[in-house]
Every structure is written in C-alpha cells, then in structure tokens.
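Okay, structure first, notes after.
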Amino acid sequence: MNDRRIWRHFDYVLLAVTVILVLFGLAMIYSATRDSPELGNYAWSQAAVAVVGLILLFAVAVFDYRLLANLQRPIYLATIGVLLATSVIGHVQLGAQRWLSVGNMLIQPSEFAKILVIIVLAKFLADRQRQMDKLRTILLSFVLVAIPVVLVYDQPDLSTAISLLIAWGVMVVMAGMRLLHIVLLGGTLLISLPLLWAKLQGYQRDRILLFLDPSRDEFAQYNIDQALIALGSGGWLGQGYGSGIQTQGRFLKVRHTDFIFSVVGEEMGLIGAVLLILLLFILILRVLRAAALARDAYGRLIAIGVATTIAFQATVNIGMNLGLSPVTGITLPFISYGRSSLVALLIGIGLVESVVMRHRKLEFQ
C-alpha cells in the first residue's frame, strides 16, 4: 500500500487544478465577506478546513481504495446511522436540521454521505456486473440509495437528495443498465411527477414556480435579479477584485455561498468566469481519465460517481446564478463557502487519486 512506485502514477495535474480552485474559492470568499462583520471570518475558517481537507486527500490517496470494498456494510450502516442521528439531535438553522455539533464546529453529514454512498454503490454494482441486465439488480441498487435519499430529504435538503439520485442514475447506466430499463424507469419517473410535486415542501414548490414565473414574487426574485446584475456589470474584465458594486455594496445576498459565481463574474468579468468554468471542466475530465484507467469496475465506478457529483453541483449552481435553474442551496464545488462540502469533495478527489495510482500492477523483481 505504501510502495513508493505508486506515486509515479499520482495525477499531479488533478491535484494542481484542485488546489488552484480551492485557492480561487478562498480569494472570492474573502472578497465577498471582508467588509461584512455579520458574516464573520468565513475565509479564514474555510482556509483552515481546506488545509485539513488537503491532508485527508493525501491520506486517502495513500490508502488502497480496494480495501474499502471489505468495509461496504459498516460504511453504509454508519452513513445511515449518522443521518438518523442528524434527524433526531441535529442542529436546527434557518428551519433545516442538517448539522451535527462537534465541539465548536457544525458538520453537515449529508455532504459526506454523497461520497460514502458512492463507495457503497460502486461496490454493489461492481459485484453484479453480470446481473446488470436484470431489473432486480437495478431496483436493489435504487433501494440502497433511496434510504439515505429519504433521510437527507427529510432534513429537508432537496438538492443533496437529488445529487445522490443523479449519481445513482449515472453509475447504474455506466455499470451496464439496459436501455429498456432506462426507458422504463424514465416513464415511471414521469408518471410519479404529480406525487413527487405533492411531497415537496412549500418553499421548494415556490422556488420552482418562481423559476417558471419570476413575476409571481418580486421580493423572492430579488437575489436572482441582483446576481444577474452583478454578472452583467462585470463586462469582459470585471470591476476589479474587491471592487464589485453589487458584492461590496451588499446588494447581492448569500454571496459567499449560493451566489459566489456572480461575485466572480462581477469582479473578474466574463474572462474570469469562463476561466473558472474551464478549470472545473479540466478537473472533471481528469477524474473521468481516472475512471478510464481504473483496473477494476469498482475503481471505475467510484471515479464516475465523484465526477458526476462535481459536474451536477457545478452545473446547478452556475445555472442558478444565470437564472437557468431554480435557486437551491447547492454549493459551487471548491469555490463556495461550505466546510463540510469542501472536505467531502477533497476526500472524493483523494479516492480518485487512489484509483489512478493503482491502475497498473506493480512488477516485482
């Protein structure tokens, strides 16, 4: 496991892009919060967590991911247990019960559940490669994911629940799901839409309706309008770091989390925003490269799950800032403030590094 020869295959490009994104995120969080005492020292708090996350990245990379296959059941049970504990004794904030208090820090277990469920699901599907043409296998994998999805949704956290389902969908397709079953499940989803709509929280339905008809609630539309103004006012080169009128004037709310992409667009301009998207695209490509190089289905599916999660979060967050998707609380990977999200994603990158480092058998002489 600690053979130095595995480091020859370490993806230093993936690491470099990850570090650049983290540093870029810290810079933008600092700019968005530096003159806002009510937001606290968010940049420094995120920086401290980033150091811990990078250490965990290397620790996970050194650890042979294949050993996690033997821990599939304990990992799954621990994930369910922690999510249940969050529902019972979790910290309530802004009407949501999503956090557990650990010392002086609040941890969001659902962020780590994204990575842990990928590990468990990858093992389940890898063990059943020859049964992927059977509907029973697909349904069992869905049940495996549905339990944490229900627990996460109950917090309530719709965006994370959808993220888990998206990861499941892509992973089962890449594992060999039949086209017939894809059509069957897609049809079932369409038929179930009225029931799913009825199960949504009131504010969740309001966000979707507001996206479809912005004129229905001018007050709720305020943040979206300010985000679009910030993006539009940035021009090609931006207004300058720390000089965004919407950002520094505090017209743009939740600018360090949900709408941080608008901060980038306002202060760094179109070029800065495109550069950020390009960096995220390169990172996702490097993760998919690890999937292509993986020596087994387990490693390949882990990498696919991590790539899907990052791609989904980035697409939804950027789309929300551009007014192309409903507003959600989902973070922009490595950029938005969110300590649990950042650490979980860095652990995910560590898993991908572990896969790519072991894509070749070591030759003994």
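Seen from all directions on average, the range 48-107 presents a Cα convex hull projection of 5.5 nm².
A convex hull fitted to the Cα coordinates of the range 183-273 yields 135 cubic angstrom per residue. Heavy-atom surface analysis with a 1.4 Å probe gives the range 1-140 a carbon and sulfur content of 63 percent of its accessible area. Can you give the angle from 0 to 90° between the axis of helix 109-126 and the longest principal axis of the chain, with both taken from C-alpha atoms, to the nearest 10? Compared with the principal axis, the helix lies near 30 degrees. Here the 3J(HN,Hα) profile of the range 300-317, calculated from phi with Karplus coefficients 6.51, -1.76 and 1.60 at θ = phi - 60°, is 4, 6, 4, 4, 4, x, 5, 4, 5, 4, 5, 5, 5, 4, 5, 5, 5, 5 Hz, Gly and Pro shown as x. Taking only the Cα atoms of the range 1-132, the ratio Rg/Rh comes out at 1.03, with Rh defined as the Kirkwood radius. Each principal axis of the Cα cloud of the range 78-122 was taken in turn, and the coordinate range along them, longest first, works out to 33, 18, 17 Å. Axis angle, to the nearest 10 degrees, between helix 42-62 and the longest C-alpha principal axis of the chain: 10 degrees. Applying the Karplus relation 6.51 cos²θ - 1.76 cosθ + 1.60 with θ = phi - 60° to the range 334-351 yields 3J(HN,Hα) values of 6, 10, 5, 5, x, 5, 5, 4, 5, 5, 4, 5, 5, 5, x, 5, x, 4 Hz, where x marks Gly and Pro.
Computed over the range 109-201, the range of Cα coordinates on each principal axis works out to 39, 31, 16 Å, biggest value leading. All distinct Cα pairs of the chain go into the 1/r average, and the inverse of that average, the Kirkwood radius, is 21.4 Å. The long axis of helix 179-199 is offset from the longest Cα principal axis of the chain by roughly 40 degrees. Summed over the residues of the chain and divided among them, the accessible surface reaches 48 Å² per residue at a probe radius of 1.4 Å.
The values are calculated or read from the model by the stated rules, or taken from the named source; none is laboratory data. Keep in mind the model is a prediction, meaning the values are calculated, not measured. SASA here: full protein model, heavy atoms, side chains in, ligands and nucleic acids out. Shrake-Rupley method; radii C 1.70, N 1.55, O 1.52, S 1.80 Å.
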